[in-house]
Amino acid sequence: MRVITLLTDFGLEDGYVAAMKGVVAALAPEARLVDVTHLVPPQDVASGRFRLLTIAPYFPPGTIHLAVVDPGVGTARRAVAIRAASGSYFVGPDNGLLLGALETDPPVTAVELSEPRFWRTSTPSATFHGRDIFAPVAAHLARGVELEELGTHVLPETLVRLELPRCRMLPGGAEGAVQAVDRFGNLVSNIPGSVLASRGAWSVSIRARSVAGHRTYGEVPVGEPLALVGSHGFVEVAVHRGDARSALGAGVGEPVQVRWE
């Protein structure tokens, strides 16, 4: 029984998610559907990217990750399916949404979804590829259709990546950028917490402000900012029982530096 995860920005008020699930159920009734979230902020590809990269490692090899945050739906942006080194699959728009999860599980093979026989209809809606292309492709993969049958080969290095400053090491520290803001307003950087192994006191610089590093939120007074390694394994900046995004006026792409003694 194959697992298909679903991640979208479709919300819970309309029937968009149900339509995708209906398509999958009709084609692959034995597939197990797991909802990641459908509350990604509308058209926020960076937010969807982060949520996908932080859940994918917890699923078994062979999982099919179906992700749709697609502000370019109906345009020339490619619809793709990718097989990663682990044997898992990623299906969705080629707009940077999928590539975050593939930074640690590199793409091995990718195709552009150019075979209408694997779509729900040969004339898909210009505004709902999630239902008409991505969901049926995920279902066909769950049924055992080979990735290479689904379309035209794409060189993995041509897949779209979000333009975020990469994490790099510095003498006495590291620098990167905010890659996501969670629902609590925490500013999650792309600097892995592993860089702090065996370090002494450390701090984060963001927007000309230095924030001391701690282990838990409760180590500072309510309303005070702090830095810590969050559950996703990245350095983040938070405010104890507050919202760091509002307090610091920062968002995705904001440069971040970590310094240690």
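The values are calculated or read from the model by the stated rules, or taken from the named source; none is laboratory data. These numbers were taken from a predicted model, which means no experiment stands behind them. All Cβ positions, glycine included, derive from the backbone under ideal geometry; neighbour counts span all protein chains shown. Note: accessible area is taken over every heavy atom of the protein model, side chains too, but ligands, DNA and RNA are not part of it. Shrake-Rupley method; radii C 1.70, N 1.55, O 1.52, S 1.80 Å.
Each Lys and Arg Cβ is given +1 and each Asp and Glu Cβ -1; about its Cα centre, the chain then shows a dipole of about 280 debye.
The trypsin sites (Lys or Arg not before Pro) found in the range 68-134 that occupy coil by DSSP, while having at most 15 further C-beta atoms within 10 Å, are 77. For the range 43-190, what relative contact order do you get, as a whole percent, if you take Cα pairs closer than 8 Å and at least 6 residues apart? Relative CO of the range 43-190 lands at 22 percent. Over the residues of the chain, the helix contribution to mean residue ellipticity at 222 nm works out to -4000 deg cm²/dmol, using -39500 (n - 2.57) for each DSSP H run of at least 4. Entry note, the chain: relative contact order of 16 percent, from Cα contacts under 8 Å with a spacing of 6+ residues. Accessible surface of the range 1-109, 1.4 Å probe: 56 percent of it comes from carbon and sulfur atoms. Computed from label points 7 Å out along Cα-Cβ, the spacing between residue 210 and residue 222 is 2.9 nm. Working from the Cα coordinates of the chain, the gyration tensor eigenvalues give, after taking √(5λ), semi-axes of 37, 18, 16 Å in decreasing order. Histogrammed with a bin width of 10 Å, the alpha carbon distances of the range 192-248 distribute as 24, 58, 17, 0 percent, first bin at zero. Computed over neighbours whose Cβ is under 11 Å from that of residue 83, the net charge equals -3, Lys and Arg +1, Asp and Glu -1. Couplings 3J(HN,Hα) for the range 105-110, derived from phi with the Karplus relation 6.51 cos²θ - 1.76 cosθ + 1.60 (θ = phi - 60°), are 10, x, x, 9, 9, 9 Hz, where x marks Gly and Pro. Annotation: the antiparallel percentage among DSSP beta bridges lying fully within the chain is about 75. Cα-Cα pairs above 20 Å in the range 150-212: how many percent? Tail of the P(r) past 20 Å holds 44 percent of the pairs.
Rolling a 1.4 Å probe over the heavy atoms of the protein chains gives the chain an accessible area of 46 Å² per residue.
Placing pseudo-labels 7 Å out from each Cα toward the beta carbon at residue 123 and residue 34 gives an inter-label distance of 3.9 nm. Apply the a/c threshold of 1.5 to the C-alpha gyration tensor of the range 109-261 and tell me whether it is rounded, prolate or oblate. Since a/c reaches 1.5 and a/b is larger than b/c, the shape of the range 109-261 is classed as prolate.
Which value, in debye to the nearest 20, gives the size of the charge dipole of the range 103-159 about its Cα centre, when Lys and Arg are +1 and Asp and Glu are -1 at the Cβ?
For this selection, approximately 400 debye.
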